Structures are given as structure tokens and as C-alpha cells.
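Chemist: Here you go, one structure.
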Amino acid sequence: MSARTYFIATRPWSFPVSVMPVLVTTAGLFSMGYTVSWCMALWAIIGIVLFHAAGNTLSDYYDFRHGVDASDTYGAQTLVEGQLTAGQMKRFAYVLFAVSVLNGLAIAWASSWSLLWIGVVGGLLAFFYSVLKFRALGDVDIFFNFGVLPALGTAMVVLPDASFRASCSDALWMVLAFIPITNAVLHANNTRDVATDTRARIHTLPMLIGQKASQVIYYVEVLLPCVWVIVCVLAGKLPLGALLILLSLPMAWRNCRTMARLPKDKDAINRLDEQTAQQQLVSSLLLIAGIMGWVACSRLFG
């Protein structure tokens, strides 16, 4: 098999979901006056992307084995189309996890050995993601593995040991600026796949709470980051420039209107997970640009 096939199997288009939490947290801490290491932030990005790739490939393996992914389902088709065998995908996932662990140990050696507990918990959540997802706990997994843990882990990596304890609470302020939309990507996916997931005999949150409640949760998830950033600005945790994230509201509104087309148009949300991921990327980039631009202007003209 070609290297390109294996690369595509990692679902690289999903990597912004893991990259943005590191960048947003680093930018937020920088705007709060902390001295951050951007080189270490880059290393942290490499580490979390490796874990993300490992989790993606193992998740696709279990989805295929349990009949969740089939010829009539959306999403990853690497195994369904026979581009890789199930055995090849599983071995590839294990290799990625091994490389991730070695890289994590190196980062901990270079920053703080306290990072190990973040890595252990995050690694377990990535490894057992499918087990949790099949029991309607995928959203909880994503909240911690792409929200709380990256925020705390980033603070450990980019700041000196002495300032980490003081920065923990500040880092956690950043979580609600990006994780609700990240969860919304999964939520849109699961809402779309209720019929096929039911056929595969797994359980997801939309299956448990119903369509109406699922729609409401989605609306909250895609709109909450903008509201939360306003709260952070009013609380003095983020500079005024962070409000640049409000420029992503038209995308949020478009996605809400797409979700609202259920149940009349069931095909309307076929690509909503991709559109939500685009919103997560754009809103995060706007937030980072607003924060860094404000800090730069303050230092230049202040």
C-alpha cells in the first residue's frame, strides 16, 4: 500500500480539531502576560496530532468491525473500499500509538514530568474512544480529550514549571472558546447517522435524547464559543481583540439553519459535520488573530 493511502487513513482533514486547542490556549496565555515558548507549542501540536491520528485509525477499525461503517454510510471509506485491510489498519493504529507515546515521553522530559498524567489519561481516552462512543459517551470523551486535557497539557508544555500552577485556571478559561464547536462536529455526525448506528446496534447521544433535543444541543454548541469569549473579555481574561471571533457568527447561523431543516429534509445535514469543522477552524483562527493582533498593537502603540 502507498504512503498516501496510510496518510489518508488518518483523516488529516480532521487535524485542525486538535491543533486549534493548543494554539488558542497558547495565544490566550500569552495575552494574559505569561511568557510562552512557541517552539514547545509547535512540539505539543505534533504530539496531539499523532494521538489524534492514532485515535482516528483505531476508531475506523472498530467502526468497520462493528458494521458502523458500510457502503451506504458517510465518513471514512478506507476499509469499506478495501484500500487497507482491517489488519493493516489495526497495526497502523498501534504503530501510531507507539510513536505518540515515545514523543510524549520526550516532551515530558523537555518540559515537565507532570505531563505524563495528561498523556496517560488522554492516551486511554483515545484508545478506548470507540468503546465510549458505542455507549453514548463519545461527547464526554471529546470534551476531555480535545478540551480540558489539551488546555492543561499546553500550559504545562509552553510555560516554565514555576508558572504552571498559576496558569491552570487561566488555561481552563480557554476551553469553552473552542470545545463546544468541536463537540458539535461529533454531534452533527451522530445526528446524521442515527439510522445506520441503530442498525449497527450501538448507542449515541442523539439516539437517547431524540431529534428535537439533539437540535437544541447543536445550536448551543455552535453559538456558545462566541458568547463565552464575550464573557472572557468582560472578565478581563481576554483582550478586546478576541471579539474578532464574532465574525464567525454567519457560519454558525448557517449551520444552525441547516440543522433546523430536520426532519423535513433528512439529507440536509449529510455534510454538516464537515461544515461544523470548518466553523471550528475559522472561529479559532479569528480568535487567535484577534488576540495576537491586539497584543501586538498594544505593545507597538502602548
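Chemist: All but one of (1) in contact (Cβ under 8 Å) with a residue 12 or more places away in the chain; (2) under 25 Å from G28 (Cα atoms) hold for Q215; state the number of the condition that does not hold.
Modeler: (2)
Chemist: Please enumerate the residues belonging to the stretch 169-210 that are free of Cβ contacts under 8 Å to residues at least 24 places away in the same chain and either within 23 Å of S18 (Cβ to Cβ) or within 21 Å of the chain's Cα centre (by Cα) (or both).
Modeler: Listed by number, the residues that qualify are S169, P206.
Chemist: For the structure I just gave you, tell me whether A9 is under 18 Å from V157 (Cβ atoms), surrounded by 22 or more Cβ atoms within 10 Å (Cβ to Cβ), among the hydrophobic types (A, V, I, L, M, F, W, C) and in contact (Cβ under 8 Å) with a residue 40 or more places away in the chain.
Modeler: Numbers: under 18 Å from V157 (Cβ atoms): no; surrounded by 22 or more Cβ atoms within 10 Å (Cβ to Cβ): yes; among the hydrophobic types (A, V, I, L, M, F, W, C): yes; in contact (Cβ under 8 Å) with a residue 40 or more places away in the chain: yes.
In short, no.
Chemist: Which pairs turn up if I take residues in the stretch 121-145 that are farther than 22 Å from M207 by Cβ and crowded, with 18+ Cβ neighbours inside 10 Å and look for partners that are modelled with pLDDT of 90 or more and among the aromatic types (F, W, Y) with beta carbon separation below 6 Å, at least 6 apart in sequence or on another chain?
Modeler: Taking only residues 6 or more apart or on different chains, the pairs are A126/F51.
Chemist: On the basis of being farther than 22 Å from V216 by Cα, free of Cβ contacts under 8 Å to residues at least 60 places away in the same chain and in a helix (DSSP H, G or I), does L244 make the cut?
Modeler: Yes, satisfied.
Chemist: Among (1) outside any helix (DSSP H, G or I); (2) at negative phi; (3) loosely packed, with under 14 Cβ neighbours inside 10 Å, there is one condition L262 misses while meeting the rest; what is its number?
Modeler: (3)
Chemist: If you don't mind, another one. Kindly indicate which of G82, G75, G33, G47 is of a type outside the set (K, R), under 18 Å from F134 (Cβ atoms) and either outside any loop (DSSP other than H, G, I, E, B) or modelled with pLDDT under 95 (or both). Can you show your working first?
Modeler: Values: G82 fails: under 18 Å from F134 (Cβ atoms); G33 fails: under 18 Å from F134 (Cβ atoms); G47 fails: under 18 Å from F134 (Cβ atoms).
Answer to the selection: G75.
Chemist: Same structure, new question: Among the residues of the stretch 31-73, write down those that are in contact (Cβ under 8 Å) with a residue 12 or more places away in the chain, closer than 30 Å to D267 by Cα and small (G, A, S).
Modeler: Selection gives A53, G55, S59, G67, A70.
Chemist: If you go through the stretch 229-244 one residue at a time, do you hit one that is more than 20 Å from S14 (Cα to Cα), out of contact with any helix residue (DSSP H, G or I) (no Cβ under 9 Å at 6 or more places or on another chain), surrounded by fewer than 18 Cβ atoms within 10 Å (Cβ to Cβ) and at pLDDT 95 or above? Working first, answer last.
Modeler: So the first thing to find is which residues in the stretch 229-244 are more than 20 Å from S14 (Cα to Cα), and the list is 229-244.
With the extra rule that they be out of contact with any helix residue (DSSP H, G or I) (no Cβ under 9 Å at 6 or more places or on another chain), the set shrinks to 234, 236.
Filter again for surrounded by fewer than 18 Cβ atoms within 10 Å (Cβ to Cβ), leaving 234, 236.
With at pLDDT 95 or above added as a condition, the list becomes 234.
Within the stretch 229-244, one or more residues are more than 20 Å from S14 (Cα to Cα), out of contact with any helix residue (DSSP H, G or I) (no Cβ under 9 Å at 6 or more places or on another chain), surrounded by fewer than 18 Cβ atoms within 10 Å (Cβ to Cβ) and at pLDDT 95 or above.
Chemist: Which condition number does A296 fail, the rest of (1) aliphatic (A, V, I, L, M); (2) surrounded by 14 or more Cβ atoms within 10 Å (Cβ to Cβ); (3) more than 29 Å from T196 (Cβ to Cβ) being met?
Modeler: The number of the failed condition is (2).
Chemist: Shifting gears a bit: Quick one: is L96 in contact (Cβ under 8 Å) with a residue 40 or more places away in the chain and buried (at least 16 other Cβ atoms within 10 Å of the Cβ)?
Modeler: yes
Chemist: To continue, here is another question. For the stretch 201-215, what are the residues that are in contact with a helix residue (DSSP H, G or I) (Cβ under 9 Å, 6 or more places away or on another chain) and not in a loop (DSSP other than H, G, I, E, B)?
Modeler: H203, L205, P206, M207, I209, Q211, A213, S214, Q215 - these are the residues of the stretch 201-215 that are in contact with a helix residue (DSSP H, G or I) (Cβ under 9 Å, 6 or more places away or on another chain) and not in a loop (DSSP other than H, G, I, E, B).
Chemist: Taking A106, is it surrounded by fewer than 14 Cβ atoms within 10 Å (Cβ to Cβ), in a helix (DSSP H, G or I) and either modelled with pLDDT under 90 or among the aromatic types (F, W, Y) (or both)?
Modeler: No, not satisfied.
The values are calculated or read from the model by the stated rules, or taken from the named source; none is laboratory data. Everything numeric in this text was worked out from a predicted model, so none of it was measured. Because the Cβ atoms are built from the backbone with ideal geometry, glycine has one as well, and the counts that use them run over all protein chains shown.
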